[in-house]
Amino acid sequence: MQLLITRKASKELNKIPNKLAKKISEKINQLSTNPYPIHSKKLHNQNNYRLRYGYFRIIYKVNKKEQAITILRIANRNAVYR
C-alpha cells in the first residue's frame, strides 16, 4: 500500500526529537505491509485508526479502494485527540 503523510502530520513529526522520530517513522513504514497491526485500534465514530508508540499516537486512515494509507496526525497522547 502507498503511504501518504498530511502536512500537519509531517510538521508534528519534525517537532519530535530525532531518535524518537526515527522509531515512529519505522512504525509508519511497517503500515505499508500490514495496515492493521496487532496493537492498532479503530477510533469510535470515525473511519480512522490509531497506533501507539510510547506516549505518542499515530492517527491514520486506510483507503482500500485506492490502496493508500494516509497519516493524519502524530502527536503526544494528550494532544492528539483534540
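Values in this text are rule-based calculations from the coordinates and carry no lab data. Because the structure is predicted, anything quoted here is derived from the model rather than measured. Cβ sites come from the backbone with ideal geometry, for glycine too, and all protein chains shown count toward neighbours.
Fully extending the segment from Asn14 to Thr33, taken as 0.36 nm per residue of separation minus the present Cα-Cα distance, adds 4.5 nm. Straightening the chain between Thr6 and Tyr53 buys 15.0 nm, computed as 0.36 nm per residue apart minus the Cα-Cα spacing. Taking other Cβ atoms within 10 Å as a rough exposure proxy, Tyr49, Tyr55 sort from fewest to most as Tyr55, Tyr49.
Residue exposure proxy: Arg52, Arg7, ordered by other Cβ atoms within 10 angstrom of their Cβ from fewest to most, comes out as Arg7, Arg52.
Using a cutoff of 8 angstrom between alpha carbon atoms and counting only pairs six or more residues apart, the relative contact order for the chain works out to 35 percent. Averaging over all projection directions, the Cα-based convex hull of the range 2-76 occupies 4.9 nm² in the image plane.
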